[in-house]
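Notes for the one structure printed next.
No lab work stands behind these numbers, since they all come straight from the coordinates. What you see is a predicted model; the values in this text were computed from it and never measured. Note that we place each Cβ from the backbone using ideal geometry, even for glycine, and neighbour counts take in every protein chain shown.
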Amino acid sequence: MSKILVTGGTGYIGSHTVVELQQAGYGVVVVDNLSNSNIEVLSGIEKITGIRPAFENIDCTDYVNMDRMFEKYPGIDGVIHFAASKAVGESVEKPLHYYRNNLLSLMNLLQLMPIHKISNLVFSSSCTVYGQPDKLPVTEDAPIKPALSPYGKTKQIGEDIIRDTVFANDFYKAVILRYFNPIGAHPSAHIGELPSGVPNNLLPFVTQTAMGIRKQLQVFGNDYNTPDGSCIRDYIHVVDLARAHVVAVARMLNKENKEPVETFNLGTGRGLSVLEVVHTFEKVNGVKVPYRIADRREGDIEQVWADPSYANEVLGWKAQETVEETLRSAWRWELNLARKREEKK
Ligand code: NAD
Ligand code: WQD
């Protein structure tokens, strides 16, 4: 059984990936410092798969403890590196935290991997590296635009660090995955997204508004150059996204990769506007989402969606879930969170 280290494995995308890895027969070691997640996520994973993954509460920026962790778990075959801070607005306020956390974590891993004879890395990148692309849908060879936030820069620099390191040393192999907008939750509703405080992202704000936790959703702008005036994104079910990681890892373990560093867009190829998301959510779940049109949000991209055909062809992976099921899964998760809050009272 191949063994995979998942950093950030109690986080949103990480936890769904741990489930898919375990269900595909991989052994998993999770490292997370719980800075943006909860230890209870491990129980959610266990409820779904019957297996509680090995867990270490370690900060990936801590080289010495990461080294000890690799000693403790010999025979790791690959690393999927999710651990990072991801709040765009916060990164503008605290740039040093973002550069330190996101880049030092990655550099520590790259330094420790050859010491522990691990050559395979999957890295979480983002469509944010493209900025507002000149051509839509966006392909992997689209120019990288100046990042609009320190967070975005950490993804661009992170990709460069990986490329430079791999090209300098043919020991390494890496797959860089550029996610579009992951939403939804595992169909079991045992795991999902756990935003802390007021959500920045659209879907948690929508579900919390439907639940009555937030009074009203603000739709940031209806005067964009799009059919209904609101921004367009490529929303992808988190389980579809998670499955792509299993394929990417297997590709490297089976030595099927054509280049030492391969980069893939992970999206559906379908753009949806903010208003389409809100109205479809209301329709498929039979709930109201009170909203008002507000000013544009600074730094927002008008429209972006993926051309996923390279991932479809080369990885043999395709996003499967419908937007309706994706939005239903998001609501089931919010309902589950409400039930848990009730139980705790
Ligand atoms: P998340 O915050 O839910 O998960 C990240 C996890 O990493 C958290 O559990 C957090 O506690 C942990 N972590 C952070 N810094 C750490 C450190 N120094 N050491 C150990 N653990 C640490 O975020 P997510 O949405 O699951 O995102 C996972 C990855 O995907 C991140 O790299 C993020 O930048 C990237 N990404 C996310 C999105 C998105 O919209 N969610 C889009 C594109 C890329
Ligand atoms: C989606 C759309 C908003 C909240 C961010 C990061 C990006 C990537 C994904 C990590 C936009 C609108 C939102 C609200 C709204 N993350 N919106 N009201 O901006 O595409 O990307 O997450 O890499 O780097 O920037 O996602 O979910 O914040 O917004 O109208 O209360 O919803 O304007 O059009 P975004 P989002």
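Among the residues of the range 190-200, write down those that are away from ligand 1 (no atom under 11 Å from the Cβ) and under 17 Å from GLY9 (Cα atoms).
HIS190
What's the number of the only condition in (1) within 14 Å of ligand 2 (Cβ to nearest atom); (2) surrounded by 21 or more Cβ atoms within 10 Å (Cβ to Cβ); (3) within 30 Å of LYS255 (Cβ to Cβ) that ILE144 fails to meet?
The number of the failed condition is (2).
Residue by residue through the range 142-178, note down the ones that are under 15 Å from THR263 (Cβ atoms), without any contact (Cβ under 8 Å) to a residue 40 or more places away in the chain and of a type in the set (Gly, Ala, Ser).
Passing the criteria: only ALA142.
Filter the range 14-36 for residues that are within 11 Å of ligand 1 (Cβ to nearest atom) and surrounded by fewer than 22 Cβ atoms within 10 Å (Cβ to Cβ) and give the result.
ASN33, LEU34, SER35, ASN36, listed by residue number.
(1) within 24 Å of LEU42 (Cα to Cα); (2) in contact with an Asp or Glu (Cβ under 8 Å, 6 or more places away or on another chain): which one isn't true of ALA142, the others all being true?
Evaluating ALA142 over (1) within 24 Å of LEU42 (Cα to Cα); (2) in contact with an Asp or Glu (Cβ under 8 Å, 6 or more places away or on another chain) leaves (1) as the failure.
Select from the range 189-203 the residues that are crowded, with 16+ Cβ neighbours inside 10 Å and touching a residue at least 24 places away in the same chain (Cβ under 8 Å) and write down the one among them that is nearest to ligand 2 (Cβ to nearest atom). Talk me through it step by step, then tell me what you get.
Restricting attention to the range 189-203, the residues satisfying the condition of being crowded, with 16+ Cβ neighbours inside 10 Å are 189-195, 199, 201-203.
Keeping just the survivors that are touching a residue at least 24 places away in the same chain (Cβ under 8 Å) gives 189-194, 202-203.
On the way: ALA189: 21, HIS190: 23, ILE191: 19, GLY192: 15, GLU193: 11, LEU194: 15, LEU202: 4, LEU203: 7 Å.
Among those that are crowded, with 16+ Cβ neighbours inside 10 Å and touching a residue at least 24 places away in the same chain (Cβ under 8 Å), it is LEU202.
Say whether the condition of being assigned to a loop (DSSP other than H, G, I, E, B) and within 11 Å of ligand 2 (Cβ to nearest atom) is met by at least one residue in the range 164-177.
No, that holds for no residue.
Select, from LYS94, LYS135, the only residue that is within 16 Å of ligand 1 (Cβ to nearest atom), surrounded by fewer than 18 Cβ atoms within 10 Å (Cβ to Cβ), over 17 Å from the mean Cα position of the chain (by Cα) and more than 26 Å from LYS258 (Cα to Cα).
Testing whether each residue is within 16 Å of ligand 1 (Cβ to nearest atom), surrounded by fewer than 18 Cβ atoms within 10 Å (Cβ to Cβ), over 17 Å from the mean Cα position of the chain (by Cα) and more than 26 Å from LYS258 (Cα to Cα) leaves just LYS94.
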